[in-house]
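A.B. asks: The structure under discussion is supplied below as C-alpha cells; questions concerning it will follow.
The values are calculated or read from the model by the stated rules, or taken from the named source; none is laboratory data. A quick note: this is a predicted structure, and the numbers were derived from the prediction, not measured. With ideal geometry, Cβ positions are generated from the backbone for all residues, glycine too; neighbour counts draw on all protein chains shown.
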Amino acid sequence: MTMRRHKYLIAVLLALALVATACAEGDAETTTTAATGTTAAPGTTAAPGTTEPSDVTADDFEAGDLGGIFIGPGEAVKIATLQAISGANASLGTDQVRAVKLALEDKGTINGHEIRLAFEEDDLCRSEGGTIGSQRIVSDPDVVGVIGTSCSGAGVPASKIVTEANRVMISGSNTSPVLTEAGGVAGPAWNEGYYRTAHNDAVQGAAAAKFVFEELGLTKVATINDGDPYTQGLTTAFEVNFEALGGEIVLSTAVGADDSDMRPVLTEVAAAGAELIFFPIFQPAGDFVAGQAKEVSGLEDVELMGADGLLSDTYVVLAQTKGMYFSGPAVPPTAAYQDMIAAYEDRFGEAPIQAFHAHAYDAAMILFAAIEKVAQVNGDAMFIDLRDVRDALYATDYQGLTGHVVCNEFGDCADPIIQIFQNTDDTPDIAAVRANRLAEYVPADLGQ
Amino acid sequence: MTTATVGKKRASRLNFTNLFRWVVGSVAVVVIFYGSIKSVASGRLSWAQWRDLMVFGVAQGSVYALIAMGYTMVYGVLRFINFAHGEVFMSGAMIGYFVADALNRAGIWNEQPVVSLLIVLLVSMTTATSIAVILERVAYRPLRGAPRLIPLITSIGASFTLQYLFRGLFGAGTKAYPPMAAIQGKWIIFGIPILKSQVIVIGSAIVVMAGLYLFVEKTKTGRSMRAVAEDPETAALMGINVDGTIVKVFAVGGAMAGVAGALWTLVFPTVNFFSGFLPGIKAFTAAVLGGIGNIFGAMLGGVSLGMFESVGPSLVLGGYEVPAFNQLKDVVAFSALVLVLIFRPTGILGERLAQERG
C-alpha cells in the first residue's frame, strides 16, 4: 500500500510535468508571437491617458536563434528565483531570496522598465523540487532568467529545463563540480546558459583537505555523503586532495538524506579508526551525525567537519555542533558588502542567516547587467535577445560583493576564497561562527 | 468447469509457487549467510560494536513496535490501514517539543529531569490520543460501512491534512529538543554499557506494551475490543457498544503513538511536520512483518525491523564490500519484509483474524 501511495503521487506529478513541459516548449517557440498577440492591440497595454499607445511590436526586432522576449511600454522585466525556502534547509534559500530582492531594489529599473520577481519557487533542496519549480517558471515565456537553485541536487534537473527553454540560470550556491567543470572538463550536468557565482567544490574540497592535513595535523579521515551531487562532489574532491597530500581516507560512505539513525554508520566509522569525520551534508541528517557521534564507543574524541550546506543559523546553534569545523565561502572582504549587510538587517530585521546571500546578490546583478547590455530599445519598448543574454553573461567582468566576477566557458564565475570556521561555545550565532575564521585559501594556495 | 480440473490447476500452480519460493529462499539464505560469515570473519567490527548495533536496533525497533500497535489494533477492528497514524505520532512529538522548550526556559528541564520527562510524556500522549479520537470521529466514523478502500483513501487525505496543518501552525522548520544532561552518557546493564536514553526507551516500551497486553487480555474494555474485532455484528447483539469500543481502540492506539513520540525524541531530539511519515511507514511495515492485527506480532515485527535496519547493512552488505552500504538500510529492511512475506504471507506470527470478513 505504501508503494501504491507513492506511485499515485508520482503518476500525478509526471502527468503535470508532461503538461508543463509541453506548455513550456510551445511557449518558447512562440515567445515572439505570443508577445505580439498581447501587446499589439493598442489600448490594452497602457492605461488610457497616462502613456501614448506604442506602435512598436515584437515584429520590429530581429530575434536570434534562441528567440527573444519583447517588453512593451510599461511592462516589467520578469525574473524568477528557485531556492530552498521550506523545510530543514530553508535558511539556505531564504537568505538568497532576500538578497535577490535587495539587488532588485538597488537596481531599480532597466531602461525604464521595472524589474519584477515573477516567481519565488521552492527547490525543496531535491531534484523533484528543482524539476517542478523550473517547469513552472519556464512556462511563463516572459521570464528572462532564474536565480537558483540553492542545492546542486535541485540544480541538475533545473539547469537542463531552464536552458532548454532558452532562458539562463545563475546560482548563488550550487557548488557541485558536475554542474560546471572539474579539471577543465565539462561536468556531466553542464549546460550552456548555466552560470554560478558560488565557488566550485573542486576548490572547497581541496581547501578542506589542506586544512585538515596541515593545520589540524590529522591523517585518518572518514567521509560521509548522502548521494546528492553536492555532497558527493565535495567528498570526492576532499578525498582526492587529502590522499594527494599523504593522508588516508579510512572510510568513504553514505547515508540517506532522510535517515535519522546514524549509529550504524558511525559504528563503521569508529571501526575504521577515523580521527575526523567530514560530512558535507544537509539538515536534518547533519544534526543526527553530529548528535550521535559522541554516543558511539570509540568516537568520543573524533573531530567533526561540515561544509557550507550546514553553515546556517539553524545548525550552528545546536549544542552538538559546538567544536565543529566548517569550510565555506569567505565573508566577502569588500566595503560594499558591509553596506549590503546593513541594508539586509534594515529590511529583514536580522543579520544574514546563511553564507550565500552575497553570491545571490551578485548573481542577480550580473543578470541585470547582461539584460541592460543587450536590450534593444525602441521608444518605450524593449527587446531582449536570449542568445545575446547568454553571450553577455559569458563575457561578464563585474566587480561584485564577492570579488571580481568573471565567467569562464563552463559558467563558473566565482572569485573563490574558501575559509575554515570553527563553531565554539563562544559563537552563539552564524555571524559569530563566520567571524571565527581559522584559515583562508584561494585557488593559488591549492595549486589550482 | 468441474471440480477436478480446478483442483488440478490449483495443484500445478501451487507447485510452481513452491518451487519459486524455494529457489528465492535458498538463494537468499546462501547470500545472507555467506555475507554474514565474511563480514564477521573479517573482524572489521569488534564484538562490542556488534553488540552496540544490536542494542541500537532494539531501541529503534521498540519505538517502531509502539507505533505499530496503532496500525495493528485499528486493522484488527476495522480492517483498514490508518495511514494518518504516523502523523498522530508526529503530533505528540511536536506538542511535546513546545512543552520541553517551555520547561527548559523555566529552568525546570535540567533541574527536574524525571518530572520534565513525565510531563512531556503525558502531554505527548494526551495530544496524540486526542488527535486519534478526533480523526476517528471526523474522518472515519461517517464512512463506517463504506467499502474498505474509502477509509483507506480518507486516511491518506487525513495524513496530508495533519502534516500541512502542523506546517501551517508551527512552520516548516525543524525544532530541536533542548539537550538534557541527565540522559547523556551510559549505564552499565548486565555488564554492557548502554546509552541512558536507549535504556529508557527500551524499558518504557516494555512496560507500556506489557500494560497494553494486560489491558487487552484482562479488562472488560479489552474483552469488548477483542469481541468487536472478532465479529462486530454479534458483539453489538451481545450488548457491546461498537462505536464506543472503536473510539477506545483509536484512543489506545493514539496513546501508544504518543508514548512513541516522546521516546523517539529522547533518541532523535528533533521534530518537524514531516517527521511522522517515515516512522509511520516503518511501523506499518513492522505491523505487516509481525502479522497485522496481532499485537504480539507488532512487537516482534517492530524489534525485528529495527534489528534488520541496524545490523543488516553492516552484517550482510558489509561482507560483500558494497560501497556506502549504510545508505541501503531501507533496502535491507524492505528486502527482509519481502522474504518474510514470501514464506509467511501473513507475517511472522500470522494475522490473527477469526474469519475473513467481506
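A.B. asks: Condition first: in a helix (DSSP H, G or I) and either of a type in the set (D, E) or crowded, with 16+ Cβ neighbours inside 10 Å (or both). Now tell me which residues in the stretch B:162-181 satisfy that. Write out each step before concluding.
C.D. replies: Initially, the stretch B:162-181 is screened for residues in a helix (DSSP H, G or I), giving B:162-170, B:181.
B:L162, B:Q163, B:F166, B:R167, B:F170 - these are the residues of the stretch B:162-181 that are in a helix (DSSP H, G or I) and either of a type in the set (D, E) or crowded, with 16+ Cβ neighbours inside 10 Å (or both).
A.B. asks: Just for the stretch B:309-323: of the residues that are surrounded by fewer than 21 Cβ atoms within 10 Å (Cβ to Cβ) and of a type outside the set (V, I, T), which one is modelled with the highest pLDDT?
C.D. replies: Residue satisfying both the conditions and the ranking: B:Y320.
A.B. asks: Can you run down the residue pairs with Cβ atoms below 6 Å, 6 or more apart or on separate chains, where the first is in the stretch A:306-334 and within 14 Å of chain B (Cβ to nearest Cβ) and the partner is in a strand (DSSP E or B)?
C.D. replies: Pairs that qualify, where the first residue is within 14 Å of chain B (Cβ to nearest Cβ) and the partner is in a strand (DSSP E or B), are A:L318/B:A176.
A.B. asks: Also, quick follow-up: Being under 16 Å from the mean Cα position of the chain (by Cα) and charged (D, E, K, R) is the filter; apply it to the stretch A:72-107 and report the residue that is nearest to the other protein chains (Cβ to nearest Cβ).
C.D. replies: A:D95
A.B. asks: Just checking, does the stretch B:101-109 include any residue being touching a helix residue (DSSP H, G or I) at 6+ places or on another chain (Cβ under 6 Å), surrounded by fewer than 19 Cβ atoms within 10 Å (Cβ to Cβ) and within 14 Å of chain A (Cβ to nearest Cβ)?
C.D. replies: The answer is no, given that none of the residues of the stretch B:101-109 is touching a helix residue (DSSP H, G or I) at 6+ places or on another chain (Cβ under 6 Å), surrounded by fewer than 19 Cβ atoms within 10 Å (Cβ to Cβ) and within 14 Å of chain A (Cβ to nearest Cβ).
A.B. asks: Examine the stretch A:368-375 for a residue that is within 23 Å of A:E215 (Cβ to Cβ) and either free of Cβ contacts under 8 Å to residues at least 40 places away in the same chain or not in a helix (DSSP H, G or I) (or both), and state whether such a residue exists.
C.D. replies: Quick first cut of the stretch A:368-375, residues within 23 Å of A:E215 (Cβ to Cβ) only: none.
No, the stretch A:368-375 contains no residue that is within 23 Å of A:E215 (Cβ to Cβ) and either free of Cβ contacts under 8 Å to residues at least 40 places away in the same chain or not in a helix (DSSP H, G or I) (or both).
A.B. asks: Looking at the stretch A:207-232 only, could you name the residues that are out of contact with any Gly (no Cβ under 8 Å at 6 or more places or on another chain) and part of a helix (DSSP H, G or I)? Give the derivation first.
C.D. replies: The initial filter retains those residues of the stretch A:207-232 that are out of contact with any Gly (no Cβ under 8 Å at 6 or more places or on another chain), namely A:207-208, A:210-211, A:214-217, A:222-225, A:232.
A:A207, A:A208, A:K210, A:F211, A:E214, A:E215, A:Q232, listed by residue number.
A.B. asks: I'd like the residue in the stretch A:139-181 that is under 23 Å from A:L102 (Cα atoms) and of a type in the set (A, V, I, L, M, F, W, C) and, out of all such residues, is surrounded by the fewest Cβ atoms within 10 Å (Cβ to Cβ).
C.D. replies: Restricting to residues being under 23 Å from A:L102 (Cα atoms) and of a type in the set (A, V, I, L, M, F, W, C), the top hit is A:V143.
A.B. asks: Is at least one residue of the stretch A:223-240 surrounded by fewer than 24 Cβ atoms within 10 Å (Cβ to Cβ), under 21 Å from A:A88 (Cβ atoms) and either at pLDDT 90 or above or within 11 Å of another protein chain (Cβ to nearest Cβ) (or both)? Even if it seems obvious, please write down each step before you answer.
C.D. replies: Taking the stretch A:223-240 first, the residues surrounded by fewer than 24 Cβ atoms within 10 Å (Cβ to Cβ) are A:227, A:232, A:236, A:239-240.
Now narrow it down to the ones that are under 21 Å from A:A88 (Cβ atoms): A:227, A:232.
Narrowing further to those that are either at pLDDT 90 or above or within 11 Å of another protein chain (Cβ to nearest Cβ) (or both): A:227, A:232.
There is at least one residue in the stretch A:223-240 that is surrounded by fewer than 24 Cβ atoms within 10 Å (Cβ to Cβ), under 21 Å from A:A88 (Cβ atoms) and either at pLDDT 90 or above or within 11 Å of another protein chain (Cβ to nearest Cβ) (or both).
A.B. asks: Need a quick list: helices (runs of 4 or more DSSP H) entirely within the stretch A:1-118 having at least 1 residues that are modelled with pLDDT of 65 or more, buried (at least 16 other Cβ atoms within 10 Å of the Cβ) and in the same structural domain as A:P157 (by TED's automatic domain parsing).
C.D. replies: Details: elements: A:2-29, A:31-39, A:90-107.
Per the criteria, A:90-107.
A.B. asks: Out of A:A363, A:A381, A:A395, A:A375, report the one residue that is outside the structural domain of A:F211 (by TED's automatic domain parsing), surrounded by 14 or more Cβ atoms within 10 Å (Cβ to Cβ) and closer than 19 Å to A:R196 by Cβ.
C.D. replies: Numbers: A:A381 fails: closer than 19 Å to A:R196 by Cβ; A:A395 fails: surrounded by 14 or more Cβ atoms within 10 Å (Cβ to Cβ); A:A375 fails: closer than 19 Å to A:R196 by Cβ.
Every option except A:A363 fails the conditions.
A.B. asks: Counting only residues that are within 13 Å of another protein chain (Cβ to nearest Cβ) and either basic (K, R) or not in a helix (DSSP H, G or I) (or both), how many does the stretch B:189-219 have?
C.D. replies: Just the residues of the stretch B:189-219 that are within 13 Å of another protein chain (Cβ to nearest Cβ), to begin with: B:192-199, B:201.
Still in the list and also either basic (K, R) or not in a helix (DSSP H, G or I) (or both): B:192-196.
Residues in the stretch B:189-219 being within 13 Å of another protein chain (Cβ to nearest Cβ) and either basic (K, R) or not in a helix (DSSP H, G or I) (or both): 5 in total.
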